[in-house]
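Scroll down for the structure; my scribbles are underneath it.
The values are calculated or read from the model by the stated rules, or taken from the named source; none is laboratory data. Just so you know, these numbers come straight off a predicted model, no measurement behind them. Note: ideal-geometry Cβ built from the backbone for every residue, glycine included; neighbour counts use all protein chains shown.
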Amino acid sequence: MDTESLRPCPPFETVCIEVPKVYDFCFEADRRENICTPLGTCSPPEGATVNCIIDSTTCSEVSRTAPDATGRANVTFAISVVYTLQVLDASGEVVCTFDDPVFSFTKTVVLCAPVGTFTNCEIVSSACTCLILGNQICCTFDLCIVIQSLAIVKLLIPSFGFCTPAVCEQVSPQPPFVCPPTLFPPQCKPLR
């Protein structure tokens, strides 16, 4: 017989806590192609490439339909991406820079979002690749969007007491500082 299962439960009390309850939690990989920026006065040399840097992203709720009988609603978010483009010559030197171009779009998803909930939308990772096509730079953006529907609620839960912190792990010293140092030469290995 498993004696572990016979151990008595530690005593607990029932407590009321206020927490953000997650009603829905989803992610979506979104690809946006052909986001183009005119070259203007920039004249890229033969063999030029483009470096794309995503500076910032924002995502916020702009509208939602009334929830249906199951509590689901169509929730629309406005997403904006601010980025920098650098045109590089064959040796990797920057020829032209386009600071802070922006593109925006809306994204609608179905969420469990009854009346009284709020949303949280975040771009958790992003990437972009670009090519020079004619007299413009055209880019493809990949965005990983994480969306939550939440409400602040009061929950009655069993509690085993307050959380107490554990001792933090110590950071190991980085070379060249080593503690303790090597005090003796290594022992020779036996020949056999």
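Things worth noting here:
- Scanning region 86-113 for residues that are buried (at least 16 other Cβ atoms within 10 Å of the Cβ) and either in contact (Cβ under 8 Å) with a residue 60 or more places away in the chain or under 22 Å from the mean Cα position of the chain (by Cα) (or both) yields 98, 101, 107, 109, 111, 112, 113.
- Residue within region 73-83 that is touching a Cys at 6+ places or on another chain (Cβ under 6 Å) and over 12 Å from residue 98 (Cα atoms) present: yes
- Of all the numbered requirements in (1) free of Cβ contacts under 8 Å to residues at least 40 places away in the same chain; (2) more than 26 Å from residue 143 (Cα to Cα), residue 15 misses one, and that requirement is (1).
- Of the residues 149, 104, 126, the single one that is farther than 30 Å from residue 41 by Cβ and among the polar types (S, T, N, Q) is 149.
- Residues of region 67-85 classified as touching a strand residue (DSSP E or B) at 6+ places or on another chain (Cβ under 7 Å) and free of Cβ contacts under 8 Å to residues at least 60 places away in the same chain, total: 12
Per-residue answers, yes or no, for (1) hydrophobic (A, V, I, L, M, F, W, C); (2) modelled with pLDDT of 95 or more; (3) in contact with a Phe, Trp or Tyr (Cβ under 9 Å, 6 or more places away or on another chain); (4) surrounded by 10 or more Cβ atoms within 10 Å (Cβ to Cβ):
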| residue | (1), (2), (3), (4) |
| --- | --- |
| 2 | no, no, no, no |
| 6 | yes, no, no, no |
| 11 | no, no, yes, no |
| 17 | yes, no, no, yes |
| 45 | no, no, no, yes |
| 60 | no, yes, yes, yes |
| 64 | no, yes, no, yes |
| 74 | no, yes, no, yes |
